[in-house]
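Here is the structure we will look at.
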Amino acid sequence: MTPTRPGDQASHPQQDRLVAYVDGELDIDEREAVQALIAGDRHAAAIVERLIASRDQAEGAFGAILAAAPRPELLAAIERADAPAPAPGWRDRLTRFTLSRTWRLAVAPAALAAALLLAVTVVTMPGDEAGFTLASGGGLDIPAEVQPVLPGLLDAGGGERQGSLAGGDAWRLAVLPADIPEAPGCLVVVFASDALPESVGLACPVEAGWRVATVALAPAP
Amino acid sequence: MPTPPPDDAFRRQLIDLLPRLRRFAYGLTRSLAEADDLVQSACLRALEKRRQWQADTRLDSWLFRIVQNLWIDGRRRLRHREDVDPDSLPLGDPNAHRAAEARLTLGTVERLILGLPAEQRAVLMLATVEGMSYAETAAILGIPHGTVMSRLSRARLALAAALDETGNAEGATGR
């Protein structure tokens, strides 16, 4: 195919606008400007005429493909397709939690413990038969200076914050949807720091705010 | 937890759109076999990710975008693996679906479209063949509106010029 180059019979300094004009993509002012151009520029008028003709041909292109039935394997695959995978559960997201490698390693045992114990927690809540501390807003083992951050993350339905403790140790707090059908609206809370035991909790909405249960602790790194 | 089967309405719309998806995919890949594979991958991806589709937006645009993204991924992999420009490969796949390819009789304008550079082909297939607006085309391809205009104008003028040449050549040979 011959490419269009400046100076080619097919090209025009305003070719973008001419094509957009043919395609009905210009506003009224631009359209009128192009119409004025065409009226006084035979080269532009000829291009527009050819553009219309080629567009009409291109619009019907590949009609044979449109008319052909899709291949049976494809229809079968669509019919057979399983339900879409559910959104990643909190366990998956926890493993993708953007902690540093050291922190990630430290949080992993806590996450595993939480995964094993969350269901029990949900079933036994409220109460401490499973040995968990259930308290309103204070069950998770988070330093007092970090606790004010938690309600905002819970109310937002999730998020992540980080900072430094008074002693200079870095901390990170994350809240993730729990995706537990039996505990709608509950969120998983993970606190990790350089100095304190990692803590994983389950926060569930109650009338007065959130009930937070600590479900797992892991040794500090 | 048991998950519900894919929504029947979604699946039905998907099947209704298959011919257009296939046509777009063919315009990109220039091979029926590859187009079918691309559409199949796109459909399965769409079913898997259908929760990401917002029901108040156009399903066809969303599906075209999936097709386009999968095609670009495939081209990147090919280029990375074989250090070749996929667009420089000969038209069609000589090793697969020969019969299907043979049944597809291309007209002059179709051959000319397939001869355009890949980026121009994609824009032309959406904006001209599919009749999408420039804004929709830009959104599907993830490129600025102005880029759609410039690519499309190059494609359309090249197509017009080539059709002229073809017409002149046929006229000169008395066909």
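Read-outs: derived from the displayed coordinates by stated rules, not from any lab. All of these numbers come straight from a predicted model, not from anything done at the bench. Neighbour counts run over all protein chains shown; Cβ positions are idealised from the backbone, glycine included.
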- Item | Relative packing of peptides A:160-166, B:43-49, A:149-155 - highest average C-beta neighbours within 10 Å first | B:43-49, A:149-155, A:160-166
- Item | Per-peptide average of other Cβ atoms within 10 Å, ordering A:169-178, A:69-78, A:44-53 highest first | A:169-178, A:44-53, A:69-78
- Karplus couplings for the range B:18-24 from phi (6.51 cos²θ - 1.76 cosθ + 1.60, θ = phi - 60°), rounded to Hz, Gly and Pro as x? 4, x, 6, 5, 5, 5, 4
- Task: Evaluate peptide B:128-136: per residue, the Cβ atoms of other protein chains within 10 Å of its Cβ; return the mean as an integer.
- Result: 3
- Message: Give me the dipole magnitude in Debye, nearest 20, for the range B:105-175 about the Cα centre, with unit charges on the beta carbon: positive for Lys and Arg, negative for Asp and Glu.
- Response: 100 debye
- Task: Among B:Glu165, B:Glu34, rank each residue by its count of other Cβ atoms within 10 Å, from fewest to most, as a rough exposure measure.
- Result: B:Glu165, B:Glu34
- Task: Would you tell me the mean number of C-beta atoms belonging to other protein chains that fall within 10 Å of each C-beta in B:37-49, as a whole number?
- Result: 3
